[in-house]
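Student: Here's a structure for you.
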Amino acid sequence: MTKFAHDDIVPDKASSLDKKEQVATMFNDIAKRYDFLNCLLSAGIDKSWRKKAIAELKDIQPKKILDVATGTADVALMTYKILKPEKIIGIDISDGMIALGKEKIAKKGLTDFIELQNGDSEKINYTDNFFDAVTVAFGVRNFQNLEKGLSEMLRVLKPGGKLVILEFSKPCNTMFKSFYKFYMKIIAPKAGRMFAKNKDAYKYLNDSVQAFPEREQFTAIMKNAGYKNVYYKQLSLGICCVYCGSK
């Protein structure tokens, strides 16, 4: 398996835990403040990003969907509202995030349609060709091995199925890029320290975004992993990208 620069970006370089364990611990720690900080730091734009990503699945009308790195189930809940699939399975390595996601699903009365499980993107506990679609929102940066995670998601997709990834990227506009760098390097960690009591989590956010392969680099990796009809769309001046590929 190929190693990429972002694979080695971890929340705590001094820790003896591997990336997967560190990420799970980090999200367990910030789980209760995660949704609030997402909304605060993105000024609410993250909701429109998720809607645009989910819209990329309308052409195939999937019945069974896997949401990888589901977190507190925002994408799973929005996907059900928009597409009304028969079943959504959400997996995540953070029990803290899953617990909050389950509460949100129960409040909406959707426990028959959305199920959350502790699960690893690099070892998905489902048979080959099981899902019509796979979604990942702001999760692939946290994979310990990007190539392995992409291969696993391809394995569980049915032929004709589609992967939709939503991920941060660095804006191309020169003037906006300077502001974005300042915001991600200074403002986000300070907000993390103030509201989540965890500056390192939001420093890790910036570090992992900086190291992540984006746009044409990432679509090339998807193609090498075996995805077909690969494309991407930029959102909000390139702060974020939607990446899609089919099996």
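The values are calculated or read from the model by the stated rules, or taken from the named source; none is laboratory data. Note that the structure is a prediction, hence the values are computed from the model and not measured. Here the Cβ positions follow ideal geometry from the backbone for every residue, glycine too, while neighbour counts run over all protein chains shown.
Student: Suppose we keep only residues that are more than 9 Å from residue 92 (Cβ to Cβ) and at pLDDT 95 or above within region 108-122. Which one would you say is surrounded by the most Cβ atoms within 10 Å (Cβ to Cβ)?
Tutor: Only one residue tops the list, namely 114.
Student: If you don't mind, there's one more thing I want to ask. In this structure, is residue 79 out of contact with any Gly (no Cβ under 9 Å at 6 or more places or on another chain) and closer than 25 Å to residue 128 by Cβ? Spell out how you get there, then give the answer.
Tutor: Details: out of contact with any Gly (no Cβ under 9 Å at 6 or more places or on another chain): yes; closer than 25 Å to residue 128 by Cβ: yes.
Answer is yes for this residue.
Student: Turning to a different aspect of this structure: Which of the residues belonging to region 81-107 are over 18 Å from residue 139 (Cα atoms) and surrounded by 14 or more Cβ atoms within 10 Å (Cβ to Cβ)? Let's see the steps before the verdict.
Tutor: Here is the first cut: in region 81-107, the residues over 18 Å from residue 139 (Cα atoms) are 81-87, 102-107.
The answer is 82, 83, 85, 87, 102, 104, 105.
Student: Against the condition at pLDDT 85 or above and aliphatic (A, V, I, L, M), how does residue 30 come out, does it pass? Step through it out loud before you land on a result.
Tutor: Values: at pLDDT 85 or above: no; aliphatic (A, V, I, L, M): yes.
Considered against the rule, which asks whether it is at pLDDT 85 or above and aliphatic (A, V, I, L, M), residue 30 comes out as no.
Student: Mind listing whichever residues of region 135-144 are crowded, with 21+ Cβ neighbours inside 10 Å and not in a strand (DSSP E or B)?
Tutor: Here is the first cut: in region 135-144, the ones crowded, with 21+ Cβ neighbours inside 10 Å are 135-143.
Correct list: 138, 139, 140, 141, 142, 143.
Student: Okay, next question. If you go through region 43-51 one residue at a time, do you hit one that is surrounded by fewer than 16 Cβ atoms within 10 Å (Cβ to Cβ), of a type in the set (Val, Ile, Thr) and either part of a helix (DSSP H, G or I) or at pLDDT 80 or above (or both)?
Tutor: yes
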